[in-house]
1. If the requirement is being closer than 23 Å to residue 164 by Cα and out of contact with any Cys (no Cβ under 6 Å at 6 or more places or on another chain), which of these qualifies: 246, 235?
2. With the checklist (1) over 16 Å from residue 337 (Cα atoms); (2) surrounded by fewer than 16 Cβ atoms within 10 Å (Cβ to Cβ) in hand, flag the one item residue 297 doesn't pass.
3. Which fully enclosed strands (runs of 3 or more DSSP E) of the stretch 93-185 have 1 or more residues being over 29 Å from the mean Cα position of the chain (by Cα) and without any contact (Cβ under 8 Å) to a residue 12 or more places away in the chain?
4. Taking the options 252, 227, 242, 213, name whichever one is of a type in the set (S, T, N, Q), farther than 19 Å from residue 155 by Cα and without any contact (Cβ under 8 Å) to a residue 60 or more places away in the chain.
5. Select, from 195, 236, the only residue that is modelled with pLDDT under 95 and within 16 Å of residue 142 (Cα to Cα).
6. Among what's in the stretch 102-115 and is of a type outside the set (Gly, Ala, Ser) and modelled with pLDDT under 95, pick the residue that is nearest to residue 54 (Cα to Cα).
7. So which residues in the stretch 116-160 are of a type in the set (Gly, Ala, Ser) and either more than 27 Å from residue 88 (Cβ to Cβ) or surrounded by fewer than 18 Cβ atoms within 10 Å (Cβ to Cβ) (or both), if there are any at all?
8. Look through the stretch 198-210, keep the residues that are surrounded by 10 or more Cβ atoms within 10 Å (Cβ to Cβ) and assigned to a helix (DSSP H, G or I), and return whichever of them is modelled with the highest pLDDT.
Amino acid sequence: MQKYFLNTIRQYIFIILTATVILLILQTKIFSQENIFKVEKVKVAGLEDINFSRDKYINRAFSKSFKMLMSKILVSSDLKKIKNVKSNKIKSLINSFQITEEKYEKGEYSAAFTIVYNEKKLTKLLANKNISFSQPRKISSVIFPILFIEDQLQNFNENFFYNKWLEIEIENEIIEFILPLEDLDDLEKIQKMKNRIEDFDISDVIKKYNENNYVFLFMDYKNKKLNTYLKTSFENNVISKNISYEIDNIKNISKLNFIIKDLKIKITDLWKEINFVNLLMPLSITIKFKHKNINDLDKLKNTLNKINLIDNYNIQKFNIDHSFFEIYYFGNPKRLSSELYKFGYELKNNQGHWELFAND
């Protein structure tokens, strides 16, 4: 009995000391664990003439890297909001740069750079312009492109979108698309559902590919218009929308290439939007965490420090078997739950009260 009492007192002392440290040192951090503001393989080249200036190419690399970074973390509709940022402003946002490759050959200069931006300065710039940025991971997804031309279903071997989808590239591709095999039964099901395609259950078709993410493109060309029904499911976030393109000739290759590129950008934007980090409105959540000992608390603290969405946190109260954390984070609860799950924690909403459990 005395031994049990001493162990209990010892656990209380450890919890009090740990909680005191956490309360005194507020865990403030914004996206410092994984630097998404690092831009690699920024290449510039030009003639090495009498007016050659190395600084000119460095400045050119800075401007190019800024555009590369913005296209990576912003949705396409927000790119226009930052297109007029001056070169001096861009330079002030940079923490460091490295020339990873440099050549003077046959009168031509070429170089490759790695450029690291200051995350606080850059996020402040975006916040001032009312822009939310995204932290999307690279994912894979089945892409199922269906094309009707004048009410005739096109087989995959005659479907331009199927044949050229992987060839047409966009900048900073973050979705690895997987084309399906042609299945006559699947095509027959789609043919029957043509006039009520919104009700078609594409998941029955997709499940055979062992891939949860999918993009379903139903394209119907008639009267010089390509009406497109787009349905995506990324990490169980299902979104659908209708898009229309004017096209006089369905065999116009340049126009079709443009449509593929535009669709890829729109699909990528949908994935980015799921991963938005809203710097203007950090949210807070109070969670109850059940723990067995002081090591459980230390492990959770280390996990919270690793999650980029979390701005800061503190312990509100604690006792021998559970503690209450207040967490300030960017994004939404579903995104926070997904991030915690990767580290072995399950976040549950119990009638308005959030509880966190370590998965065994």
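The values are calculated or read from the model by the stated rules, or taken from the named source; none is laboratory data. Being a predicted model, the structure only gives us computed values, none of them experimental. Note that we place each Cβ from the backbone using ideal geometry, even for glycine, and neighbour counts take in every protein chain shown.
1. Details: 235 fails: closer than 23 Å to residue 164 by Cα.
Of the residues listed, the single one that is closer than 23 Å to residue 164 by Cα and out of contact with any Cys (no Cβ under 6 Å at 6 or more places or on another chain) is 246.
2. Every condition holds for residue 297 apart from (2).
3. Working: elements: 94-105, 108-117, 139-149, 175-178.
In the stretch 93-185, the matching strands (runs of 3 or more DSSP E) lie at 94-105.
4. Values: 252 fails: farther than 19 Å from residue 155 by Cα; 227 fails: farther than 19 Å from residue 155 by Cα; 213 fails: without any contact (Cβ under 8 Å) to a residue 60 or more places away in the chain.
Selected residue: 242, the only one of 252, 227, 242, 213 that is of a type in the set (S, T, N, Q), farther than 19 Å from residue 155 by Cα and without any contact (Cβ under 8 Å) to a residue 60 or more places away in the chain.
5. Working: 195 fails: within 16 Å of residue 142 (Cα to Cα).
Of the residues listed, the single one that is modelled with pLDDT under 95 and within 16 Å of residue 142 (Cα to Cα) is 236.
6. Of the stretch 102-115, the ones of a type outside the set (Gly, Ala, Ser) are 102-106, 108-109, 113-115.
Those still in the list that are modelled with pLDDT under 95 too: 102-106, 108-109.
Values: 102: 11, 103: 12, 104: 11, 105: 14, 106: 16, 108: 12, 109: 9 Å.
Here the answer is 109.
7. Kept after step one, since they are of a type in the set (Gly, Ala, Ser), are these residues of the stretch 116-160: 127, 132, 134, 140-141.
Matches in the stretch 116-160: 127, 140, 141.
8. First, the residues of the stretch 198-210 that are surrounded by 10 or more Cβ atoms within 10 Å (Cβ to Cβ): 198, 200, 202-209.
Filter again for assigned to a helix (DSSP H, G or I), leaving 198, 203-209.
Working: 198: 88, 203: 80, 204: 78, 205: 83, 206: 83, 207: 80, 208: 83, 209: 85.
So the residue we want is 198.
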